[in-house]
Amino acid sequence: MKKPPVLAITAMTAISLLALSVQSISAGEKPFAKLVPALDGAPPEGFTIGKGTTAYNGSIDGSIYKVNLRNGVGEILVPAEPDFDVFAGDCYKLGMRVDPRSNNLIVAGCAQGDAYVFDADTGEQLKKYQLDDSGNSVINDLAITVDAVYFTDFYQPFLYSLPMSKNGRLPEDANAATAIPLTGDFETGDNLIGVFANGIVATPDGKTLIVGHSGSSKIFKVDPATGYADEIIVSPPLAGLLDGSFLDAIVMYDGALYILSPGDTPDLDLIQVVVLSDDMLTGTLVGTIADPDMDGVASGAMHGDSLYVNNARYLEYPGLPTTYDITKIDIYSVQ
């Protein structure tokens, strides 16, 4: 497994964050596959990992595929919406995360302005929440903290906060979420493609959110209580729309951000790796990860010290019976 080069950055802690020890494989234990099959014909967006080696790949058609990362055995946990029409622009599910306290699978509801909660073992729908009913929202991604779930909106400069108890219990009221305007440095006017917040992660203490802005190709430090956003000045700047890439999901691991950036062509797909300063107001782009098995990298999650990403294959013609998969990424291959 390739190790990253020594990086000429002022914060020596960045080197220790990236030069992580490689976990050894026990004698006789089968290594995890580089490619894990997903559900054919189900255009994916959301992805997460739950208990053990169980992963979940969600589709805009409303289906959720549950798969074992070790052996590739999977099943349809939640079926597709019966009236799904990709040509009509239908979209039912985007980002997802599992709350380990409750084993709830929480899912952003895309163009419906809502969010779902499923039992991650059985697929039973437990809750449904209406976050926005304006008809102008795309609920995109989410982050879970000890006392709330925070959702981003792709078409409006808002976050939505859904309160939780400390044991992960969710409210009964289907309208319990609160809209939080994104203010401060967060651009709310016109941008290159008219979209706003996309990927989101929370710091381990839950006191700070980091939100990606797809329209401006920037990331922001956000106060979850007020929505006030400070731009995180990244040096050199992140690759974005003008470079043929697009800021999508964000994964945080050991203090580093892995920013998934699908490209205009598969060879432009990147994972941009940023190490933040202690105050999280600046960041160093320490390098990028490219992998020939990435194709429209949409969302990701960590398992051990491997980053798993799903491939949306955005350039495939809609409606074709496309084969989808999940790629295991070597986080040490930073260039």
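Of the residues making up region 120-138, those that are farther than 18 Å from ASP99 by Cα and assigned to a loop (DSSP other than H, G, I, E, B) are LEU131, ASP132, ASP133, SER134, GLY135, ASN136, SER137, VAL138.
Quick one: would you say GLN125 is modelled with pLDDT under 95, open to solvent by 20 Å² or more (accessible area, probe 1.4 Å), over 22 Å from THR282 (Cβ atoms) and not charged (D, E, K, R)?
Values: modelled with pLDDT under 95: no; open to solvent by 20 Å² or more (accessible area, probe 1.4 Å): yes; over 22 Å from THR282 (Cβ atoms): yes; not charged (D, E, K, R): yes.
Spelling it out, it is not the case that GLN125 is modelled with pLDDT under 95, open to solvent by 20 Å² or more (accessible area, probe 1.4 Å), over 22 Å from THR282 (Cβ atoms) and not charged (D, E, K, R).
The single residue among ILE219, ILE233 that is open to solvent by 50 Å² or more (accessible area, probe 1.4 Å), outside any loop (DSSP other than H, G, I, E, B) and touching a strand residue (DSSP E or B) at 6+ places or on another chain (Cβ under 7 Å) turns out to be ILE233.
If you check LEU77, LEU105, LEU94 for being surrounded by 14 or more Cβ atoms within 10 Å (Cβ to Cβ) and more than 24 Å from ALA148 (Cβ to Cβ), only one passes: LEU77. Filter region 236-246 down to the residues that are buried (at least 16 other Cβ atoms within 10 Å of the Cβ) and either closer than 20 Å to ILE144 by Cα or out of contact with any strand residue (DSSP E or B) (no Cβ under 7 Å at 6 or more places or on another chain) (or both) and list them by number. Passing the criteria: GLY240, LEU241. Within region 164-178, being crowded, with 16+ Cβ neighbours inside 10 Å and aliphatic (A, V, I, L, M) holds for MET164, LEU170, ALA176, ALA177. Limited to region 104-159, what total is found for residues that are among the hydroxyl-bearing types (Ser, Thr, Tyr), out of contact with any Asp or Glu (no Cβ under 6 Å at 6 or more places or on another chain) and within 18 Å of LYS221 (Cα to Cα)? Qualifying residue count for the region: 2. Selection over region 100-153 of residues that are within 16 Å of the chain's Cα centre (by Cα), closer than 13 Å to ALA179 by Cα and acidic (Asp, Glu) gives a count of 1. Report, by residue number, each residue of region 135-158 that is touching a Ser or Thr at 6+ places or on another chain (Cβ under 6 Å) and modelled with pLDDT of 95 or more. ASN140, ASP141, ALA148, TYR150, ASP153, listed by residue number. Of all the numbered requirements in (1) more than 15 Å from the chain's Cα centre (by Cα); (2) more than 24 Å from ASP230 (Cα to Cα), LEU276 misses one, and that requirement is (2). Filtering region 265-284 for residues that are among the small types (Gly, Ala, Ser), under 26 Å from GLY74 (Cβ atoms), surrounded by 16 or more Cβ atoms within 10 Å (Cβ to Cβ) and out of contact with any helix residue (DSSP H, G or I) (no Cβ under 8 Å at 6 or more places or on another chain) leaves an empty set. Filtering region 292-302 to residues that are surrounded by 20 or more Cβ atoms within 10 Å (Cβ to Cβ) and outside any strand (DSSP E or B) leaves MET294, ASP295, GLY296.
Condition check ((1) at pLDDT 50 or above; (2) more than 29 Å from ASN104 (Cα to Cα); (3) in contact with an Asp or Glu (Cβ under 9 Å, 6 or more places away or on another chain)) across all residues:
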| position | (1), (2), (3) |
| --- | --- |
| ILE15 | no, yes, no |
| ALA33 | yes, no, no |
| VAL36 | yes, no, yes |
| GLY46 | yes, no, yes |
| THR53 | yes, no, no |
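Restricted to region 80-119, the set of strands (runs of 3 or more DSSP E) holding at least 3 residues that are in contact with a Lys or Arg (Cβ under 9 Å, 6 or more places away or on another chain) and touching a residue at least 60 places away in the same chain (Cβ under 8 Å) comprises 104-108. Looking only at residues of region 139-163 that are aliphatic (A, V, I, L, M) and open to solvent by 20 Å² or more (accessible area, probe 1.4 Å), we find that the one that is nearest to ALA202 (Cα to Cα) is ILE144. Residue selection: ALA256 satisfies the criterion of being in contact with a helix residue (DSSP H, G or I) (Cβ under 6 Å, 6 or more places away or on another chain) and buried (at least 16 other Cβ atoms within 10 Å of the Cβ).
The values are calculated or read from the model by the stated rules, or taken from the named source; none is laboratory data. All of these numbers come straight from a predicted model, not from anything done at the bench. When we count neighbours, we look across all protein chains shown, and the Cβ atoms used for this are built from the backbone with ideal geometry, even at glycine. Ligands, DNA and RNA are stripped out before the accessible areas are found, and what is left, the full protein with its side chains, is counted by its heavy atoms. Shrake-Rupley method; radii C 1.70, N 1.55, O 1.52, S 1.80 Å.
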